[in-house]
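Taking it in order: structure first as structure tokens, then the write-up.
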Amino acid sequence: MKRAFRFHFTRSLQNASRQDAAGVESRIIFGEWIRGVICVTLSVVLGGFALATETTPRNVLIIQTDEHNFRTLGCYRQTLSPELAAVWGKEAIVETPHIDSIAARGAICTSFYATSPVCTPSRAAFFTGRYPQNTGAYQNDRPLSSDMVTFAEVLRRNGYATGYAGKWHLDGSGKPQWEPNRKFGFSDNRFMFNRGHWKKFAFDAGQPIIAATNKKGTPSYSLDDADETSFSTDWLCDRAMDFIREHAGQPFCYHLSLPDPHGPSTVRAPYDTLYEDMAIRPPMTFQMDADQPGWLPANGRNTSSKFNARLMTLYFGMVRCIDDNVGQILALLDELQLTDQTMIVFTADHGDLCYEHGRLNKGNPYEGSAKVPMIVAGEGVVTKGLQIDETLGTVDFAPTLFGLLGYRVPDSMQGLDASKWFQRLSGDPSSTVEEQVTFLRAASNKPTWVAAVTDRYKLIVSAEDSPWLFDLETDPHEMFNHFAKPENRSVNARLAAALLRYGDRMKDPQLTEGKLRSELQSMLSYR
């Protein structure tokens, strides 16, 4: 199991920052001294949003995919047992050498979850470090509140060139809505579009357009003969590389948001046929006995769905296209000698069940839906080859990023700064972390479901079902409810108490009153 790989050793961020600063001081020049003075001045002017150290700022490159099942990445399969790594069959795998190389140079999080496993609320938490119910964007197509401060805005205020390309999904219902008026810190948002999973892009008089159209001439999701210059993944990655070239001489933060591998499941040649002869089978949880319906039997799975192997080959093709483009971006960083001074993040907004539990897509607390890739590499800041098993959520990303960059975390952020976990070294037993709990919620402010998750247990309370407890160690496929087992009474009580504290501190309306809260309160007596 993944817990066997846990690292128990820590190096503090403060020590790392001092070591970096000492290295810079030995070769400091007048211009770098001026930069340090400016950083200190900005720290006062911007109320603590500036760098806490005087070292040269690191670039930040974030590559975020959409609806991405973590098992399609080789580096994640390596953290799993053979059975869990090959849920679609032993031969049904995608090689992702370039994304895997980021993990080899940095840290891979094995228990990173979408705080709310739907596009808008997960992204809201990711960019702001606040729980979705406190951002205005608690469900799809709800706009992010204008007073939200994103990590990009903080970096922009500190002199970073900031930019964004791809799907945004935080400005309401507009579709595609290029270059939203509210930039939230992304100064260059020319290639940001609000909604949609378009497959072909182009320029018209210098402006980006959807290049695939239907018979009426309106934008279409079809491929329309897209190639390596116009297919969505390629086109957006090209825009990221253009930005990197333009801003190679200054600190930059760029967010590349790829609409794939979210449906529609279509991809350009040669990726559309790359896996067509692959032997792919349904996951073992695709069909289960009627008396074993799984969590939320009312809508937790679709018993009438049919497994479509061809759909999976196209999903795999989209992932491989992403990986090949990531390789081009990494090669550009090497060419420009920016690799060592750039923090690279690869992640997703939420997962895709890919037929586990009889379902596609997301929106529930199953692993395939809620667990997402989170890979971070940064020379001298993130320990190479590190595996982090403690649970984290998208709400924890922004504060952790600030911790790694040496920023003070803004008081407005509600997530955890877990930067010290990314800097562990072998040999120091002081790094053992007590049970870490992250919280998931349905994309709703009406009582629907909430969950408390550790790297072993997942307690879910729902308006439509009895409480469920998954034990990911003894039941990694999440097939059984372990709530009623006598040996789990203390687990239920502990996680229930954590959920109630979370609900009160983070003002989650699902836990203000009603069934969810009363069920959790009843579990406290189990202690």
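The values are calculated or read from the model by the stated rules, or taken from the named source; none is laboratory data. The model shown is predicted, which means the values in this text are computed figures rather than measured ones. Cβ placement follows ideal geometry from the backbone for every residue including glycine, while neighbour counts extend to all protein chains displayed.
Only one residue in TRP178, TRP198 is buried (at least 20 other Cβ atoms within 10 Å of the Cβ) and more than 24 Å from ALA398 (Cβ to Cβ). Which one?
TRP198
Let me confirm something: among SER369, SER426, which residue is among the small types (Gly, Ala, Ser), in a loop (DSSP other than H, G, I, E, B) and either in the same structural domain as ALA104 (by TED's automatic domain parsing) or modelled with pLDDT under 95 (or both)?
That would be SER426, the only listed residue that is among the small types (Gly, Ala, Ser), in a loop (DSSP other than H, G, I, E, B) and either in the same structural domain as ALA104 (by TED's automatic domain parsing) or modelled with pLDDT under 95 (or both).
Do we have any residue at all in segment 316-331 that's of a type in the set (Phe, Trp, Tyr), buried (at least 24 other Cβ atoms within 10 Å of the Cβ), modelled with pLDDT under 95 and more than 24 Å from TRP168 (Cβ to Cβ)?
Within segment 316-331, none of the residues are of a type in the set (Phe, Trp, Tyr), buried (at least 24 other Cβ atoms within 10 Å of the Cβ), modelled with pLDDT under 95 and more than 24 Å from TRP168 (Cβ to Cβ).
Does ARG142 qualify as being in the same structural domain as ARG408 (by TED's automatic domain parsing), under 25 Å from the mean Cα position of the chain (by Cα) and over 30 Å from GLU335 (Cβ atoms)?
yes
Does VAL118 satisfy the condition of being of a type in the set (A, V, I, L, M, F, W, C) and in contact with a strand residue (DSSP E or B) (Cβ under 8 Å, 6 or more places away or on another chain)?
Answer is no for this residue.
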